[in-house]
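Working notes, beginning with the structure itself.
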Amino acid sequence: MSLITLFDKSFLQSLSVDESVWFDHFFDPNVCPYFFVETLADLEKQTGSRDPEEEVRIIADKFPDKEGIPNAYHKALCLNELMGGTVRQTGQIMVSGGTPAKSGPKSVMAFDEFPESEAFSRWREKKFQDLEREYAARWRTALNNVDLEGIANSFQKLGLSETKCKNLDEARRMAGDFVISDQQRSDRTQLALVILGIDQQYHYSILTRWSTLSYRPIASFAPYCAHVVEVELFFQFAVQSGLISAERASNRVDIAYLFYLPFCRIFASSDRLHQRCAPLFLRPDQEFVWGPDLKRGLRELNEHYEELPSDVKAKGISSFAAQPPTEGDYFVSKVYDRHVPAWRARARPKKKANQMSESELLAKLEKLKRAQPISHDEIDFDVQAPDATTLQHQVRQKKGSWYQLPKDLKNTDQ
């Protein structure tokens, strides 16, 4: 029951550690690169009397280490698409790296522990590398390093420099019109490359490929790039029209989360700018969930499961909470109803004959773990849709009040 959920820093910060356990358990968190760098940037902040390292430790303690998967950086995805690759926008997390392998006839993509996950594990112990501290000091500058002069010049050529919108819906419509228009193709192409921040060394190859397709609208040439351009133009139009404040520096970061909307089913945020803007870019099968509402829903679950006997809880949360409660008026159960309509039927006990024994499951997993790596020339499958994916995770046995893994399980990484 996959329910991939993009979340922002404001939402995770609002949770208690126990609530974060249930978010990680019942959802499939998509860890946006901007969540990582925002958290890291807190090392350079002084919030009241609290030590910045302690602030980062608190966030790291809530990190979804069980199911969370870091999404690939949007600029890398855009470059890949412009060079002829494919970027799926169907709600799946786009993962970078990985080793292609084969387990018999089955195709496998094998991933070691993600560097971001490893970093959050260290940050829980207040262990920060010098390079990370340097990165924390520089990342905001990099984020704001948008070629505003280049955008302004392109706006002037395209007659967009005086664009005013009455509301955010109109700003969204105008941005959408830009990526599907076939007028002034060369100027629109140049503006797209400026907005996407594509390094000059790649321009010739991209423009050559684009020219062979008669500089078709970016929406058909590179659909994911078109989404990123849409979001950025929407932001520029809204700021230009006074609909979004240009004075609040965090707006630049917040709007960047919207670049990753194609890679989720749900976007959970406690940020007002996200609440206003994100729904304008969602597919019909997606939903924006207001952070305080989801926090309340997770608190409901925490209180519900707290009533269980200690010996039951010691078996680990997967043993007694394989799915949300099927009885009662639970917010999370209603979210499942909207996005995983068959989950209640699957939650019913299955006949033993249809169940895989624990030993059979372990044997299957061990076989996948031993999958043999193959070379690039030997790849004969879509690496974005293999038969199986293996991921290495360091999962805490106990997080907050809850055993994520059975209490009596030995040789676990605490």
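The values are calculated or read from the model by the stated rules, or taken from the named source; none is laboratory data. None of these values were measured; they are calculated from a predicted model. Counting neighbours? That spans all protein chains shown, and the Cβs are built from the backbone with ideal geometry, glycine included.
For segment 300-346, enumerate the residues that are under 15 Å from residue 403 (Cα atoms) and basic (Lys, Arg).
Scanning segment 300-346 gives 313, 315.
So, in segment 262-286, exactly how many residues are crowded, with 21+ Cβ neighbours inside 10 Å and either of a type in the set (S, T, N, Q) or under 13 Å from the mean Cα position of the chain (by Cα) (or both)?
Total meeting the criteria: 9.
Restricting to segment 380-409, and then to whatever is under 24 Å from the mean Cα position of the chain (by Cα) and assigned to a strand (DSSP E or B), can you tell me which residue is nearest to residue 65 (Cα to Cα)?
Restricting to residues being under 24 Å from the mean Cα position of the chain (by Cα) and assigned to a strand (DSSP E or B), the top hit is 399.
List every residue pair whose Cβ atoms lie under 8 Å apart, where the two residues are 6 or more positions apart in sequence or sit on different chains, the first residue falls within segment 192-208 and is at pLDDT 90 or above, and the second residue, located anywhere, is of a type in the set (Ser, Thr, Tyr) and surrounded by 12 or more Cβ atoms within 10 Å (Cβ to Cβ).
Pairs that qualify, where the first residue is at pLDDT 90 or above and the partner is of a type in the set (Ser, Thr, Tyr) and surrounded by 12 or more Cβ atoms within 10 Å (Cβ to Cβ), are 207/189.
Check whether at least one residue in segment 119-141 is touching a strand residue (DSSP E or B) at 6+ places or on another chain (Cβ under 9 Å), at pLDDT below 75 and either assigned to a helix (DSSP H, G or I) or under 20 Å from residue 45 (Cβ atoms) (or both), and report yes or no.
No.
It is to be established whether one or more residues within segment 159-169 are within 29 Å of residue 273 (Cβ to Cβ), at pLDDT 85 or above and outside any loop (DSSP other than H, G, I, E, B).
Taking segment 159-169 and keeping what is within 29 Å of residue 273 (Cβ to Cβ), we get 159-169.
Within this subset, residues satisfying the condition of being at pLDDT 85 or above are 165-169.
If we keep only those that are outside any loop (DSSP other than H, G, I, E, B) too, we end up with 168-169.
Checked segment 159-169: at least one residue is within 29 Å of residue 273 (Cβ to Cβ), at pLDDT 85 or above and outside any loop (DSSP other than H, G, I, E, B).
With a cut-off of at least 3 residues that are at pLDDT 65 or above and in contact with a helix residue (DSSP H, G or I) (Cβ under 6 Å, 6 or more places away or on another chain), name the helices (runs of 4 or more DSSP H) lying wholly within segment 310-376.
Values: elements: 310-313, 317-320, 331-339, 343-347, 358-369.
Answer list for segment 310-376: 331-339.
Would you call residue 45 buried (at least 23 other Cβ atoms within 10 Å of the Cβ), without any contact (Cβ under 8 Å) to a residue 60 or more places away in the chain and either in contact with a helix residue (DSSP H, G or I) (Cβ under 8 Å, 6 or more places away or on another chain) or within 20 Å of residue 336 (Cβ to Cβ) (or both)?
Working: buried (at least 23 other Cβ atoms within 10 Å of the Cβ): no; without any contact (Cβ under 8 Å) to a residue 60 or more places away in the chain: yes; either in contact with a helix residue (DSSP H, G or I) (Cβ under 8 Å, 6 or more places away or on another chain) or within 20 Å of residue 336 (Cβ to Cβ) (or both): yes.
No: the conditions fail for residue 45.
Among the listed residues 255, 244, which satisfies the condition of being modelled with pLDDT under 95, more than 23 Å from residue 4 (Cβ to Cβ) and either not in a helix (DSSP H, G or I) or not assigned by TED's automatic domain parsing to the domain that holds residue 83 (or both)?
Numbers: 255 fails: more than 23 Å from residue 4 (Cβ to Cβ).
Exactly one residue qualifies, and that residue is 244.
Being over 27 Å from residue 9 (Cα atoms), in a helix (DSSP H, G or I) and of a type outside the set (Asp, Glu) narrows it down to one residue among 205, 214; which is it?
Working: 214 fails: in a helix (DSSP H, G or I).
None of the other options fit; the residue is 205.
Restricting the search to segment 81-100, which residues are in contact with a Ser or Thr (Cβ under 9 Å, 6 or more places away or on another chain) and under 18 Å from residue 381 (Cβ atoms)? If you could, list the steps in order and put the result at the bottom.
Going residue by residue through segment 81-100, those that are in contact with a Ser or Thr (Cβ under 9 Å, 6 or more places away or on another chain) are 82-83, 91-92, 95, 98, 100.
Passing the criteria: 92, 95, 98, 100.
Looking only at residues that are within 21 Å of residue 92 (Cα to Cα) and hydroxyl-bearing (Ser, Thr, Tyr) in segment 2-20, which one is nearest to the chain's Cα centre (by Cα)?
So the residue we want is 5.
Out of the residues in segment 68-122 meeting the condition of being buried (at least 21 other Cβ atoms within 10 Å of the Cβ) and free of Cβ contacts under 8 Å to residues at least 60 places away in the same chain, tell me which one is farthest from residue 2 (Cα to Cα).
The residue in question is 70.
Hey, can you tell me all the residues within segment 264-289 that are touching a strand residue (DSSP E or B) at 6+ places or on another chain (Cβ under 6 Å), aromatic (Phe, Trp, Tyr) and within 24 Å of residue 222 (Cβ to Cβ)?
Answer for segment 264-289, where residues must be touching a strand residue (DSSP E or B) at 6+ places or on another chain (Cβ under 6 Å), aromatic (Phe, Trp, Tyr) and within 24 Å of residue 222 (Cβ to Cβ): just 267.
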